[in-house]
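Undergrad: Pasting a structure below so you can have a look.
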C-alpha cells in the first residue's frame, strides 16, 4: 500500500490541501480563502472558518485515498498565534499581522529590552511592527484582563496541532519568527520574555521539524470519518521554511533564494546567524530552517501588491485573466515607472490601506515617477520595483555573508510569473531557477516522509519528489537569450 501524506498549507490569502508522497505526485484536493474580518478597527483571522475548511478538505482527501493516508502536517504564515485559557479554550480570535495596533507599543518594548540593536543581537530578527513580541505585549498592556487569563501561547499551526491531537508543542521554525526565540541556544529567549514580564509557563516546549506530535484525537477522527491512527507531524511549520526546504538538496551554498508569494522572502542559507551591525542596519532577519540551520533573509512585500491591483480591476468589471494581463504587460516593457515595494504604504491590503492603484499613483507622484495609465504599466512598475529590490538585496547579502552567489532560486506561487523571473535574471545578471510553485506543500510532505521513517534527510526526500518540481531556467538577456525563453 502506498504511504501518502496530507499537506495543509495556509497562506496570507489562500489555503490549499494537497496529498502526496514518495514517487506519488502531488494532488491538490481543496482550496479556500484564509479570511479575516475587521471588528472595531481591529483585524482578526476567521480561525474557526479555516478549521472547518480544513476539515472539509481532509474529508475529501480521505474519501479519495482512504487508508493510504498516514499523516498530516501544517505550515502557515509566521508571527501570528492563539491565546488559550487554563482549560485549553481559545480566549479570543487570533489577531492578523496587519492589524496596526502594535505601533503604539513598539518603542516601549524596545526600551524595556534595551534597544533595537540589542534585540537584534539577541534574536537575529529585524524590527517589524507585526512581530509576535509587539503583538503579545500590546495585548498585555491594552487588554490586561484578557492577558491575565492566558495560560498557553500557540502559533497558528501549533494551535491546529493542538485541536487535532490535544498536545501542545511549539515547532522551531515558526517560533524563530516571533522575536522571542534565541537562534544561538535554539530555545525560547527567556531573557526577553522576563524583561517583558511574559509568564514563562505559557510557552510550550520547542520541537524540531520532522517529528511526530501524536495521533489524531478519536473524536476528531470520528467527525471526519478518517482513521484515528493518522498522525500529526511537526513539519517545518513556517511556510517559508517549508518552501525553501525544496532547495536544500546539497547544492544550495551559493544560491540566493526568493520565496515568492504574498511576501517575497529574499535570502540565503547559513550555518550560524549573522547579527552584525551591518546586517541590523540593512534590515536582515535570521530564521530557522527545516534542518536546524539559518535562513538569513529580508522581508519584501511581494505579490500582494499585484493581487490588490487585480482586485481593484475586478471591482471595475475588467478582465483580470493572467493571459490578458501578461499580454498588456509585455506590450509596456519600455514603461519607465517604478515603485519601491519596501515602502510601508504598500503593506496593507485594500480593505485597510485603500485601493492599491491609488496608493501607487500617489507614491509615484511624490517620488517623481511616471504614473501608470493602464494595467500593463502598473504591472511593469511593480515588477521592476521587485526586480530592483532583489538586486539590491543580492548585493547587500554578498557583502554581509562574503558569499558570491551564482544563481537565484525562486520558489512558491510567484515562480510561475515568467515576466518577473526574466526581469530578475536581467536585473541581477544571474541565472534564475524557477520552481516548484507548490514549494510549501512539497516541503511539508518531505518533512512528513522523514518523520515517518520513509527517508533519512531532506535531500533524499527531494529526490523522490523531483517529478513535482517542474523546474525552469531563465538566463539574462545579455547572454543572448530572449525574454521568456525557458531552459531545462
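The values are calculated or read from the model by the stated rules, or taken from the named source; none is laboratory data. Note that this is a predicted model, so its numbers are computed, not measured. A quick note on method: Cβ atoms are made from the backbone with ideal geometry, for glycine too, and the neighbour counts reach across all protein chains shown.
Undergrad: Go through the range 17-50 and report how many residues are crowded, with 19+ Cβ neighbours inside 10 Å, assigned to a strand (DSSP E or B) and out of contact with any helix residue (DSSP H, G or I) (no Cβ under 6 Å at 6 or more places or on another chain).
TA: Here the count works out to 4.
Residue by residue, here is whether (1) at pLDDT 95 or above; (2) in contact with a helix residue (DSSP H, G or I) (Cβ under 8 Å, 6 or more places away or on another chain) holds:
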| position | (1), (2) |
| --- | --- |
| 179 | yes, yes |
| 198 | yes, yes |
| 218 | yes, no |
| 235 | yes, yes |
| 241 | yes, yes |
| 248 | no, yes |
| 275 | yes, yes |
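Undergrad: Considering only the range 343-367, state which residues are buried (at least 18 other Cβ atoms within 10 Å of the Cβ), out of contact with any helix residue (DSSP H, G or I) (no Cβ under 6 Å at 6 or more places or on another chain) and either outside the structural domain of residue 423 (by TED's automatic domain parsing) or free of Cβ contacts under 8 Å to residues at least 24 places away in the same chain (or both).
TA: If the condition is that a residue be buried (at least 18 other Cβ atoms within 10 Å of the Cβ), out of contact with any helix residue (DSSP H, G or I) (no Cβ under 6 Å at 6 or more places or on another chain) and either outside the structural domain of residue 423 (by TED's automatic domain parsing) or free of Cβ contacts under 8 Å to residues at least 24 places away in the same chain (or both), then no residue fits.
Undergrad: Okay, next question. Just need a number here: residues in the range 316-342 that are exposed (fewer than 14 other Cβ atoms within 10 Å of the Cβ) and under 27 Å from the mean Cα position of the chain (by Cα).
TA: Selection size over the range 316-342: 3.
Undergrad: Can I ask one more? For the range 197-313, which fully contained helices (runs of 4 or more DSSP H) count at least 1 residues that are crowded, with 19+ Cβ neighbours inside 10 Å, within 14 Å of the chain's Cα centre (by Cα) and in contact (Cβ under 8 Å) with a residue 40 or more places away in the chain?
TA: Numbers: elements: 218-224, 239-244, 277-281.
The qualifying helices (runs of 4 or more DSSP H) are 239-244.
Undergrad: On to the next question. Here is a check on your reading of the model: is residue 85 in contact (Cβ under 8 Å) with a residue 60 or more places away in the chain and surrounded by 17 or more Cβ atoms within 10 Å (Cβ to Cβ)? Write out each step before concluding.
TA: Details: in contact (Cβ under 8 Å) with a residue 60 or more places away in the chain: yes; surrounded by 17 or more Cβ atoms within 10 Å (Cβ to Cβ): no.
The answer is no for residue 85.
Undergrad: What is the residue count in the range 51-75 for residues that are buried (at least 20 other Cβ atoms within 10 Å of the Cβ) and more than 23 Å from residue 24 (Cβ to Cβ)?
TA: Step one: filter the range 51-75 for residues buried (at least 20 other Cβ atoms within 10 Å of the Cβ), giving 53-54, 57-58, 61-62, 69-75.
Retained after the next criterion (residues that are more than 23 Å from residue 24 (Cβ to Cβ)): 53.
Residues in the range 51-75 being buried (at least 20 other Cβ atoms within 10 Å of the Cβ) and more than 23 Å from residue 24 (Cβ to Cβ): 1 in total.
Undergrad: A further question follows. Looking at residue 135, is it surrounded by 19 or more Cβ atoms within 10 Å (Cβ to Cβ) and without any contact (Cβ under 8 Å) to a residue 60 or more places away in the chain? Quick ask: steps written out before the conclusion?
TA: Numbers: surrounded by 19 or more Cβ atoms within 10 Å (Cβ to Cβ): yes; without any contact (Cβ under 8 Å) to a residue 60 or more places away in the chain: yes.
Against the criterion (surrounded by 19 or more Cβ atoms within 10 Å (Cβ to Cβ) and without any contact (Cβ under 8 Å) to a residue 60 or more places away in the chain), residue 135 qualifies.
Undergrad: Starting from residues that are more than 21 Å from residue 442 (Cα to Cα) and without any contact (Cβ under 8 Å) to a residue 60 or more places away in the chain, keep the ones in the range 388-418 and report whichever is farthest from the chain's Cα centre (by Cα).
TA: Across the range 388-418, the extreme among qualifying residues is 402.
Undergrad: Check the range 51-65 and report whether any residue there is part of a strand (DSSP E or B) and touching a residue at least 40 places away in the same chain (Cβ under 8 Å).
TA: Looking only at the range 51-65, we keep the residues that are part of a strand (DSSP E or B), and these are none.
No: the range 51-65 contains no residue that is part of a strand (DSSP E or B) and touching a residue at least 40 places away in the same chain (Cβ under 8 Å).
Undergrad: Give me the pairs, please: first residue somewhere in the range 22-49 and in the same structural domain as residue 446 (by TED's automatic domain parsing), second residue anywhere and in a strand (DSSP E or B) and surrounded by 12 or more Cβ atoms within 10 Å (Cβ to Cβ), beta-carbon distance under 6 Å, and either six or more positions apart or on two chains.
TA: Note: no pairs meet the criteria.
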